[in-house]
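Novice: Provided herewith is a single structure, encoded as structure tokens, for subsequent inquiry.
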Amino acid sequence: MNEVELELVGRFRELFKRKSMRISIEPGTSLLKIVTELGRAIGVDLRSEFIGPDGKPMEESSLIIVNGRVIDLTRMGEQFIKPGDRIVLAPSVAGGG
Amino acid sequence: MKGYAGKYLIIDLTRGKTSMGRVDESFALNYIGGYGFGARMLYDMMPKPAEVDPFSPENVLIWWTGPLAGTISSAGNKYAVFAKSPLTGIFGFGISSGLFASEFKSAGWDGVVFTGRSEKPVYLTIDDENIELRSASSIWGRTTWETEEMIKEELGDESFTVASIGPAGERMVRLANITNERNRQVGRCGLGAVMGSKNLKAVAARGTKDVEVFDIEGLVKFIAELNERCQGPATEKYRVYGTPANILVHDKLGCLPSYNFQRGTFEYAEEVSGEMMLKTHVKKIVACAGCPIACDHVNQAREAYAGTVSSVDYESLELLGPNCGIRSLDTITKAVEICDTLGVDTISAGNVVGWAMECFERGILTKDDTDGVELRFGNDEALLEALRRMCLKEGRLGMLLSEGVRRASQIVGKGSERFAVHCKGLEWAAYELRSLQTSTLGFAVSNRGADYLRSGSYQVDVKGQVDRLRLDKSRGKIVYDGENQYAVIDSLIICKFTRGVFKSMGELAKLYTLVTGLSMTGEQILKAGERIHNVARCFNVKCGVTRKDDYPPPRAFEDPLPDDIVKGAVIRREEYEEALDGYYECRGWSRNGVPLKRKLLELGLSKEAEEVGVEA
């Protein structure tokens, strides 16, 4: 099975209306492609949650965590996902008033 | 000079006398306000801090607002309190928000300094120019919430804001805090206990004056822009979920401390998550004066604790929840209420109870030591009972926990020091030690002990900008930069939740100039931040702090994390030493962590250079 586990936290739960889901991928699919297609499926520009108009992460960009590792958002196109990987979409960490 | 009131109160509690000091332009430009004023004044007023018992009349208790308090500036209504900390024995400092700072400043004062000790319990009223020390005999022993209501009733005026201590502060519990408007606290370093030692129950303030600003048109325009940014993505998480949104993110990153920092994930994280809390427990979301964000999520407990109401943020939720193995939001809401009303810091409280639970499970503490309490992880009733006894110093368990985790572990011995998660005596907050290693460096070198609020160094770890499971020399620069920026933020004093709203230090300097009329650039204000940080460090050096004190606890080096996603993560000692060297180099300090004379002179700190500075 070419599936990966997608976990959703914070506002991503609202966007997808669920906590987690399994998605099928072709081996070697880039993270950028997965994010773009997920966004298309729910009718939002999901990429803009992570990358600003200038192509750089914003000050408080959301996070993508793959197998416990935080992904460099500027290199989503070079991050290839393999079946069995665990992807988390999460808001940035908040702290200290 | 606008923005500032230009004067502060000096209250001699021993003699019951009041006098006044002036805030001049040079003081303002060099130290900004808040943290800067407090550091400068504590250093000057306590020439030999190592010889001062924090509970003695010789300790000074200093309250400052910043230049933004009482103005329309977004999220700038904060005040800070300073003293030698009874918990850490070094520079003690805490910040609170709400309405208090705005009223205080509108009364025409920038700050108040308390010296000596009152013979009998008193509280201070500041009603514009009318300053009065009143008897607190009828409110001594009351909770913080009762105290607030009783003082307003006694003064016959609901518009007074009240900052008070609870029974814990009166009993000089070393974790005691100061509370204003029920849910806002000067939480850390045990400054409530210093109030208790001075027989000072509360400060009540009411102001009717406008705080004048230099360029009202420019300020209105700039604030409108900032407020609009505050409604954008940079602050959305605070507005919707509040900081409890961190629970699940940290769990997914393996940096959610659980079972007294033995692990970095919690198997019941979903049950205590911000997402769950919003759905089942949050009844109200509250904003501080002038804040366009509104982050304060007020919970109402159900079932066994129906009727309990408390404000639950990430740190409280985490330390009293997963760190103690607790999975019930009702219990956590009740635990926060106990801490808030009796008056202790939830972070330190959750940390020290977590330590005691680990000691109990390891057989180091027995039922004899806990007065019969089955102090195991996940025991809801045991947590609540331990907190209550700690706040009231009741029995052997209460007396032990009231000392804070460092002293408690030294009292118990038997190797329990190894499980005490603190730095310089301040209990570690809710960021895992080994899976956020830049953060750990930032906590460990902080001026007030294990501190998540002085550098924001966890941000590079959680954003994936560095390898968070390793350290290297470059991390020192990250912590150094963060500390200088946060020193500015804490001196202005402005809420850190707006840090993503300001695009540069230049914008903070612009805000300062619009309010005060004093010319300031981004570079100059950052230099002031560096100056302030160094003054506080010099105070600590006088207290005996050196390199030996800038390390995380043993667990960081000795106990690899067991959680799958960060399995085996541990801090390598040689990497830590390298990162610490890198930090000292950036700071211009010696390898022993003492500021060099030349650095202090470069910052205009000639007194510190002479008294503390060392040659290269």
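Novice: Restricting attention to the stretch B:108-167, report how many residues are open to solvent by 40 Å² or more (accessible area, probe 1.4 Å) and either in a strand (DSSP E or B) or at positive phi (or both).
Specialist: Adding up the residues that qualify gives 8.
Novice: Shifting gears a bit: With the requirement that a residue be touching a strand residue (DSSP E or B) at 6+ places or on another chain (Cβ under 6 Å) and either in a helix (DSSP H, G or I) or surrounded by fewer than 24 Cβ atoms within 10 Å (Cβ to Cβ) (or both), what does the stretch B:228-252 give you?
Specialist: Selection gives B:249, B:252.
Novice: Just for the stretch A:59-68: of the residues that are at pLDDT below 85 and open to solvent by less than 60 Å² (accessible area, probe 1.4 Å), which one is farthest from the other protein chains (Cβ to nearest Cβ)?
Specialist: A:61
Novice: So which of B:616, B:556 ends up being assigned to a helix (DSSP H, G or I), not aromatic (Phe, Trp, Tyr) and not assigned by TED's automatic domain parsing to the domain that holds residue B:478?
Specialist: That would be B:556, the only listed residue that is assigned to a helix (DSSP H, G or I), not aromatic (Phe, Trp, Tyr) and not assigned by TED's automatic domain parsing to the domain that holds residue B:478.
Novice: Restricting to the stretch B:205-217, name every residue that is open to solvent by 20 Å² or more (accessible area, probe 1.4 Å) and either not acidic (Asp, Glu) or not in a loop (DSSP other than H, G, I, E, B) (or both).
Specialist: B:206, B:208, B:209, B:211, B:213, B:214, B:216, B:217
Novice: OK, next. Going by the structure shown, is residue A:25 more than 14 Å from every other protein chain (Cβ to nearest Cβ), free of Cβ contacts under 8 Å to residues at least 60 places away in the same chain and farther than 29 Å from residue B:277 by Cβ?
Specialist: The answer is yes for residue A:25.
Novice: A follow-up question, please. Tell me which residues, restricted to the stretch B:272-323, are more than 29 Å from residue B:390 (Cα to Cα), assigned to a helix (DSSP H, G or I) and touching a strand residue (DSSP E or B) at 6+ places or on another chain (Cβ under 8 Å).
Specialist: Matches in the stretch B:272-323: B:278 only.
Novice: If a residue must be open to solvent by 20 Å² or more (accessible area, probe 1.4 Å) and in contact with a Leu (Cβ under 8 Å, 6 or more places away or on another chain), how many such residues does the stretch A:17-35 contain?
Specialist: Adding up the residues that qualify gives 6.
So that you can scan it fast, the table gives a plain yes or no per residue for (1) free of Cβ contacts under 8 Å to residues at least 24 places away in the same chain; (2) within 12 Å of chain B (Cβ to nearest Cβ); (3) open to solvent by 10 Å² or more (accessible area, probe 1.4 Å):
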residue: A:45; (1), (2), (3): yes, no, yes
residue: A:53; (1), (2), (3): yes, no, yes
residue: A:57; (1), (2), (3): yes, yes, yes
residue: A:70; (1), (2), (3): yes, yes, yes
residue: A:75; (1), (2), (3): yes, yes, yes
residue: A:78; (1), (2), (3): no, no, yes
residue: A:86; (1), (2), (3): no, yes, yes
residue: A:90; (1), (2), (3): no, yes, no
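Residues are listed down the side, and each one gets a yes or a no for (1) among the polar types (S, T, N, Q); (2) in contact with a strand residue (DSSP E or B) (Cβ under 6 Å, 6 or more places away or on another chain); (3) without any contact (Cβ under 8 Å) to a residue 24 or more places away in the chain:
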| site | (1), (2), (3) |
| --- | --- |
| B:482 | no, no, no |
| B:498 | yes, no, no |
| B:512 | no, no, no |
| B:523 | no, no, yes |
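Novice: I want to confirm something. Restricting to the stretch B:262-284 and keeping residues that are within 12 Å of chain A (Cβ to nearest Cβ) and acidic (Asp, Glu), which single residue is nearest to residue B:248 (Cα to Cα)?
Specialist: B:270
Rundown of residues vs (1) within 30 Å of residue B:221 (Cβ to Cβ); (2) among the hydroxyl-bearing types (Ser, Thr, Tyr), yes/no style:
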residue: B:43; (1), (2): no, yes
residue: B:52; (1), (2): no, no
residue: B:74; (1), (2): yes, yes
residue: B:77; (1), (2): yes, no
residue: B:84; (1), (2): no, no
residue: B:88; (1), (2): no, yes
residue: B:114; (1), (2): no, no
residue: B:117; (1), (2): no, no
residue: B:128; (1), (2): no, no
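Novice: Please work out which residue is nearest to residue B:457 (Cα to Cα), limiting yourself to the stretch B:473-504 and to residues that are within 19 Å of the chain's Cα centre (by Cα) and of a type in the set (D, E, K, R).
Specialist: B:483
Novice: Among the candidates B:199, B:180, single out the residue that is open to solvent by less than 10 Å² (accessible area, probe 1.4 Å) and touching a residue at least 40 places away in the same chain (Cβ under 8 Å).
Specialist: Going through B:199, B:180 in turn, the sole match is B:180.
Novice: Just for helices (runs of 4 or more DSSP H) wholly inside the stretch B:404-478: which have at least 2 residues that are within 14 Å of another protein chain (Cβ to nearest Cβ) and at pLDDT 95 or above?
Specialist: B:437-445
Novice: Separate question: Just for the stretch B:400-438: of the residues that are open to solvent by 10 Å² or more (accessible area, probe 1.4 Å) and under 23 Å from the mean Cα position of the chain (by Cα), which one is farthest from residue B:453 (Cα to Cα)?
Specialist: So the residue we want is B:400.
Novice: Checking residue B:89 against (1) under 19 Å from residue B:4 (Cβ atoms); (2) outside any strand (DSSP E or B), which single condition isn't satisfied?
Specialist: (1)
Novice: Moving on to the next point. Considering only the stretch A:6-16, I want to know if a residue exists there that is open to solvent by 30 Å² or more (accessible area, probe 1.4 Å), more than 11 Å from every other protein chain (Cβ to nearest Cβ) and in a loop (DSSP other than H, G, I, E, B).
Specialist: No, the stretch A:6-16 has no match at all.
Novice: Here is a further query. Whether any residue in the stretch B:364-380 is surrounded by fewer than 20 Cβ atoms within 10 Å (Cβ to Cβ) and small (Gly, Ala, Ser) is what I want to check.
Specialist: The answer is yes, given that some residue of the stretch B:364-380 is surrounded by fewer than 20 Cβ atoms within 10 Å (Cβ to Cβ) and small (Gly, Ala, Ser).
Novice: Here's something else I'd like to know. Every residue in the stretch B:330-346 that is open to solvent by 10 Å² or more (accessible area, probe 1.4 Å) and over 15 Å from residue B:175 (Cα atoms), please.
Specialist: Answer for the stretch B:330-346, where residues must be open to solvent by 10 Å² or more (accessible area, probe 1.4 Å) and over 15 Å from residue B:175 (Cα atoms): B:330, B:334, B:337.
Novice: Just to be sure I understand the filter: pairs with C-beta atoms under 7 Å, separated by 6 or more residues or on different chains, first member in the stretch B:232-261 and at the interface with chain A (Cβ under 8 Å from one of its Cβ atoms), second member of a type in the set (Phe, Trp, Tyr). Which pairs pass?
Specialist: B:235/B:497; B:238/B:497; B:243/B:314; B:246/B:314
The values are calculated or read from the model by the stated rules, or taken from the named source; none is laboratory data. Quantities reported herein were computed from a predicted structural model and do not represent experimental measurements. Note that we place each Cβ from the backbone using ideal geometry, even for glycine, and neighbour counts take in every protein chain shown. Just so you know, the surface numbers come from the protein's heavy atoms only, side chains and all, with ligands and any DNA or RNA stripped out. Shrake-Rupley method; radii C 1.70, N 1.55, O 1.52, S 1.80 Å.
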